[in-house]
Every structure is written in C-alpha cells, then in structure tokens.
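Before any comments, here is the structure.
Only the coordinates and a few stated rules stand behind these numbers; no lab work does. For clarity, every value in this text was computed on a predicted model and none was experimentally measured. So basically every Cβ, Gly included, is an ideal-geometry build from the backbone, and we count neighbours across all protein chains shown.
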Amino acid sequence: MNKNDNKYANKIANAFLKNKIISPLPIRYTKKLSNAQNFRKLCESKINKPIIGFKAAGTGIPVLKKLKEKEPFYATVYKHNVLNNKKSVRINKFTMGIELEVCYLIKKTFFNLNQKVTKNNIRKFITHIAPCIEVVGYRQKKKGIKSLGDLCSDFGANVKFVVGPKKKYKNQNVKNLKTNISNKKINQSVDGNTNTVYIDPLNSLRFVLSKLQKDNIKFNKNFYVFTGSSVGVVPILGKGIYNAKIDKIGSVSTKII
C-alpha cells in the first residue's frame, strides 16, 4: 500500500458513502482481479457502517470465460444498501442494470466451522432463502465491463439490494429453476435460469463462504449471502416497477426512480 492507493481508496469510499460519482480509477486497480481484490479490501476497511452480508459477483460462467477468469469474487454488503421488498431505488446514468438472484440468510455459527466448506456441510447454517433484486452500477464515470476488476474495485458495483419475502430453509432445490424479471410499463421482460449462477446458487454460496473462511473473516451476527444473477445484467430501459420471480422461491419487486 502506498499514498496513491490510500488517495484513490479514500476517493471511492467517499463516493460510496455520499452517493457521488468520481473520475475512473487508474487501470492498475481494475485490470487484474487480484489487484482489484486488494484495493476493494482497502476501500472496505474505510467504511464504518454496519455490515449485513456478502455478495458473489461475476458468477456467469460464459462471462468468466470471456474475461479469462477462473472464478468469481466476493464483496461486502452494507446494511444501508439493503432494502425491503417493493422499496424504490434511485438510479443515474452510470447504473449498469438490474439483476435477479437467490439470497440466503446464514447463521453466525458458520464462523465456528473448522473444516473445509462444502455444499453439504453448509446447509445446516442456512436459516432462510429469498429472491432478491440487485441494482448494479459504478461510482465512477465509466460504462461497460472490460474486466472483473472493474466491478470488484468499485465495491463489487453493488448499488442496492431489494430482498423479497424470506422462506424458512428446508433444503429447497435451487437447480434449473426458471426466473423472470419484467417491467410491464415499457414491455420489457427477460427470462433466466438459476443454473447460470456458477453452476447453481448453492455452489455460489459455497464459494463465498469458503472465501470468507480463507480470508479469516469473522462476524457476530447472522448474515446474508447474495449469490449472483440468474438473468445476467438486465439493462434498465425505463423507470417504473420491475417485478421478478424465481420458481419455487418467490417474487420480489422494486420501483426504479
């Protein structure tokens, strides 16, 4: 870490807190994912707000192949950026789009696990499952994605999460579920499938939890894990209400303003 790292981390952390837009970060923080990860962690260390969970990003396998990456990344999610179902989200011209994903509520006792994280041994830590809308975008004057580092270095590019009704977890199947997000006012509708999410959402959850374990993250509250989009990044073609549904999991909506 040097003075420049701190300078740019302070700039984007301030933009994150005050909902501002800054000039693009230097490419050295965004081109290589490992550098972006280190920069993201530096930025997150400057945020003194309650944490509510973590997100997986870059979970689409075709996207990973296109960007020549082997795996997704994770980022911290803060409480002030998580909203209840049907709440409104304000966007700007650097908002990239809207996503639909499965999210899990995880017991804090997960952090006592002292064995390798697997899809089987994490099930006992899941209390609830829910559909979620994520609005994604930059705090920088930039558009498009040239690398996963673009997203990672900008707090994972998460703007807001809108969480739908939670169901108690009863080992619900999350493989090969049809999904849809739509805005009837502008006749926009996009179909998807949960299998596009890094094999499936439970595997994406395993990925995030394994990274938390590896990075020795500890948390003293139950927390959310947002597993990645089942519909890709859907462009927001107009304002109004976006309704979304994941078969067998539930529905969620938000008003884009």
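Return the FRET efficiency for the residue pair Asn2, Lys46: r is the Cβ-Cβ distance, R0 is 22 Å, and the value is rounded to the nearest 0.05.
Numbers: r = 15 Å, r/R0 = 0.70.
Working from the Cβ atoms, E equals 0.90.
Under the definition of Cα pairs under 8 Å and six or more residues apart, what whole-number percent is the relative contact order of the chain? Walk me through the numbers on the way to the answer.
Details: 577 pairs, mean separation 71.7, N = 257.
Dividing the mean separation by the residue count of the chain yields 28 percent.
Could you work out [θ]222 nm for the chain from helices alone, using -39500 (n - 2.57) per DSSP H run of at least four and dividing by all its residues? Round to the nearest 500 deg cm²/dmol. Write out the running numbers ahead of the final one.
Details: 5 runs with 53 residues, N = 257.
Estimated from H runs of four or more residues: -6000 deg cm²/dmol.
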Give me the one-decimal nm value for the distance between modelled label points at Lys170 and Lys255, 7 Å along each residue's Cα-to-Cβ direction.
3.4
Stokes-Einstein D in µm²/s, Kirkwood radius over Cα pairs - region 1-144 at 20 °C with 1.002 mPa s viscosity
123
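So what's the chain giving for Cα Rg divided by 2.2 N^0.38 Å, two decimals?
On the way: Rg = 17.2 Å, N = 257, 2.2 N^0.38 = 18.1 Å.
Relative to the rule-of-thumb radius for its length, the chain sits at 0.95.
Quickly rank 173-183, 194-204 as a protection proxy: mean count of other C-beta atoms within 10 Å, highest first. Can you show the working numbers first?
Details: 173-183: 17.8, 194-204: 22.7.
Per-residue Cβ counts within 10 Å, averaged per peptide and sorted highest first, yield 194-204, 173-183.
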Between region 155-189 and region 1-69, how far is it from one alpha carbon centroid to the other, in angstrom?
24
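What do you get for Rg/Rh over region 108-206 if you use C-alpha atoms and the Kirkwood form of Rh? If you can, show how the numbers build up before the last one.
Details: Rg = 16.5 Å, Rh = 16.3 Å.
Expressed as Rg/Rh, it is 1.01.
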Quick calc: nm separation of the 7 Å Cα→Cβ label points for Lys20 and Thr127 -> 3.7
Sequence-distant or interchain residues sharing an amide H contact under 5 Å with Asn193, placed H: which?
Thr179
